[in-house]
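The structure under discussion appears below in the form of structure tokens.
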Amino acid sequence: MTNNAPLLILEDISFSYPGSRQPVLNSLDFRLGGNQRVGLIGPNGQGKTTFLHVCLGLLPLQSGRVLFKGTQIRTKHDLRQLRRNIGLVFQNPEDQLFCPTVLEDVAFGPLNLGFTPAQARERAAEVLDVVGLSGFEKRITHKLSGGEKKLLSLATILAMQPRALLLDEPTAGLDPDTREKVIRIIKNLNLGLLIVSHDWDFLYQTTAELKTLEQGKLINRDRNVLHQHVHYHPSGHVPHEHETGRQAVVGGR
Amino acid sequence: MTVIKETFSEGSSLLHRTDPRLKLVSAFLLACVTAVLTTIPGALSSLIGALCLLFLSGLLLLQVLKRLLLVNAFIGMMWLFLPFTTPGNPLFSQFGLILTREGIELALLVTLKSNAILLFMITLISTTPTVTLGQALDALHVPEKLNFLLLISYRYLEVIFQEYNRLAIAARVRGFVPGTSPRTYRTYGYLLAMVLVNSFDRAQRVYQAMLLRGFQGRFYALHEFHISFTDWVIAVFMITLAILIFLADKLLPVFYTA
């Protein structure tokens, strides 16, 4: 692949919520290439979702800059370009699916991008096939099951034909079957990925790099550690390292 | 568990298959004509027309009657007052109350007209799923903001209702028993406030999701309707019906009073 130039670059980003002394993001740097697959793991309340929202300009930048394909995002037009090319799948599909029928929801993005109704339908059929929801076009969105809603919300973003995907907790609340489906779909995507999740095994299967967000900064983690230790133990949900035979790897950039 | 049950929209009768735009326009036309009727024969013919549509819609009579009963409960209240408060020829008087012929006629007129309009709405509007209704309204160039309100309400009423239910259950599992006490009212106040706050948050997230998908304040219609030959026949039928009702209102009373 030739598209390994960073699609998205975040430089020196800081963000704090009003009234809180501790910044959520503290002069953070991040870059995502066109076929880079990054997992982001960490406890709740560390600002992972905030980070995703800052990436796409849903929260205002307090300092630093965001670049898309080397161009700094300044105008509304830049922002539209960025959002068109980098898709964000929300944690809760209820927030993402607002059209009455499945077809209308998937076609919403393409229609906004200036597609004709016929082209939008065609695109919708394609992505519904990708997520395994072919034939669901006329179904009523709010009557779908939780798993179907999740797959559909993924389809609505894929319909925009993004170059990269940001996924916020894609497996939260899914049954094992749907989770497997999501893994299969994501593995087959030829896109840049940034996945926020608590699901170690899921991240292991879908991403090639692992980062944690600590004190407002992204820290690279050794993925091998993750590989060797898919297991349960007390406090397993807190990011941590294990002995790997060599010295315990902590931080390490 | 659904708040919005669209049982009447499920079916395959002639009216179910009719172009929803045509049904909307017909319902509007027939309701308007009926609303301005001034005579009992006119209202009666409108009701007969509505019953014809009911026959065409293939809806279960019992279910329709159930729905009509709800509204007629309110109309029943009018029967308590109108016959005694409308001035006119007294028919009967007792305990200082005077029952007038005009009063009874007025109450009857209101009853017939309301039921006819309700039947028009049930047979023409309720036989269309809300989603299709939205698409039809859009095709009829109803302002898109209004239409958007309708469709978003339809989409999120369910979610908000479930949110309320979750909170109500959460209160119940912690031993809350509603009664007539300040504490009950306060608890319900908290519940509703939480639903409101959650809905506001959700509205913001939904709007963000729309922005991310390139929303620029305009909605694009996807659905295209096609008028069939049967639709044209039905259109002619509806217009004829409206004219007949109007004529009945103007002409029939001559025989009625004679």
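The values are calculated or read from the model by the stated rules, or taken from the named source; none is laboratory data. Because the structure is predicted, anything quoted here is derived from the model rather than measured. A quick note on method: Cβ atoms are made from the backbone with ideal geometry, for glycine too, and the neighbour counts reach across all protein chains shown.
Within the range B:196-206, the set of residues being under 29 Å from the mean Cα position of the chain (by Cα) and at the interface with chain A (Cβ under 7 Å from one of its Cβ atoms) comprises B:ARG202, B:VAL206. Reported count of residues in the range A:120-167, each being under 15 Å from A:PHE108 (Cβ atoms), of a type in the set (Val, Ile, Thr) and more than 11 Å from chain B (Cβ to nearest Cβ), is 1. Total residues in the range B:15-35 satisfying the condition of being farther than 20 Å from B:THR132 by Cβ and either in contact (Cβ under 8 Å) with a residue 40 or more places away in the chain or surrounded by 18 or more Cβ atoms within 10 Å (Cβ to Cβ) (or both): the figure is 3. Only one entry of B:ALA242, B:ALA209, B:ALA193, B:ALA248 meets the criterion of being within 14 Å of another protein chain (Cβ to nearest Cβ) and among the small types (Gly, Ala, Ser), and that entry is B:ALA209. Return a yes/no flag: does the range B:82-96 have any residue that is on the phi > 0 side of the Ramachandran plot, modelled with pLDDT under 85 and not small (Gly, Ala, Ser). Yes, there is a match, as at least one residue in the range B:82-96 is on the phi > 0 side of the Ramachandran plot, modelled with pLDDT under 85 and not small (Gly, Ala, Ser). Between B:LEU151, B:LEU124, B:LEU167, the distinction of being farther than 30 Å from B:THR18 by Cα and surrounded by 12 or more Cβ atoms within 10 Å (Cβ to Cβ) belongs to B:LEU167 only. I'd like the full set of residues that are crowded, with 17+ Cβ neighbours inside 10 Å and either touching a His at 6+ places or on another chain (Cβ under 8 Å) or polar (S, T, N, Q) (or both), limited to the range B:73-121. Across the range B:73-121, the qualifying residues are B:THR86, B:THR100, B:THR111, B:SER114, B:ASN115.
As a summary of the residue check, B:ARG172 satisfies the conditions (1) in a helix (DSSP H, G or I); (2) within 30 Å of B:LEU137 (Cα to Cα); (3) among the basic types (Lys, Arg) except for the one numbered (2). Does at least one position in the range A:96-106 carry a residue that is crowded, with 21+ Cβ neighbours inside 10 Å, closer than 25 Å to A:ALA172 by Cβ and modelled with pLDDT of 90 or more? The answer is yes; a qualifying residue exists.
In the range A:9-30, the qualifying residues are those that are aromatic (Phe, Trp, Tyr) and under 20 Å from the mean Cα position of the chain (by Cα), and the one that is nearest to A:ILE219 (Cα to Cα) is A:PHE30. Residues in the range A:137-153 that are among the aliphatic types (A, V, I, L, M) and out of contact with any Gly (no Cβ under 9 Å at 6 or more places or on another chain): A:ILE140, A:LEU144, A:LEU152. When the range B:212-222 is filtered for residues that are among the small types (Gly, Ala, Ser) and either more than 13 Å from chain A (Cβ to nearest Cβ) or surrounded by 12 or more Cβ atoms within 10 Å (Cβ to Cβ) (or both), the ones remaining, listed by number, are B:GLY214, B:ALA221.
Considering the range A:87-119, and only residues there that are more than 9 Å from chain B (Cβ to nearest Cβ) and under 17 Å from the mean Cα position of the chain (by Cα), the residue that is nearest to A:ARG163 (Cα to Cα) turns out to be A:VAL89.
Scanning the range A:157-179 for residues that are assigned to a helix (DSSP H, G or I), under 25 Å from A:GLY42 (Cβ atoms) and without any contact (Cβ under 8 Å) to a residue 40 or more places away in the chain yields a count of 3. Each residue in the range B:138-190 was checked for being of a type in the set (A, V, I, L, M, F, W, C) and away from chain A (no Cβ under 14 Å), and 11 of them qualify.
Answer yes or no: is there a residue in the range A:58-72 that is under 26 Å from B:GLU163 (Cβ atoms), within 21 Å of the chain's Cα centre (by Cα) and either surrounded by 20 or more Cβ atoms within 10 Å (Cβ to Cβ) or not hydroxyl-bearing (Ser, Thr, Tyr) (or both).
Kept after step one, since they are under 26 Å from B:GLU163 (Cβ atoms), are these residues of the range A:58-72: A:58-59.
Still in the running and within 21 Å of the chain's Cα centre (by Cα): A:58-59.
This time we only want the ones that are either surrounded by 20 or more Cβ atoms within 10 Å (Cβ to Cβ) or not hydroxyl-bearing (Ser, Thr, Tyr) (or both), so: A:58-59.
Yes, the range A:58-72 contains a residue that is under 26 Å from B:GLU163 (Cβ atoms), within 21 Å of the chain's Cα centre (by Cα) and either surrounded by 20 or more Cβ atoms within 10 Å (Cβ to Cβ) or not hydroxyl-bearing (Ser, Thr, Tyr) (or both).
Among what's in the range A:53-86 and is farther than 18 Å from B:VAL206 by Cα and of a type in the set (Lys, Arg), pick the residue that is nearest to the other protein chains (Cβ to nearest Cβ). Only one residue fits best here, namely A:LYS76. Each residue in the range B:238-258 was checked for being surrounded by 15 or more Cβ atoms within 10 Å (Cβ to Cβ) and at pLDDT 80 or above, and 8 pass.
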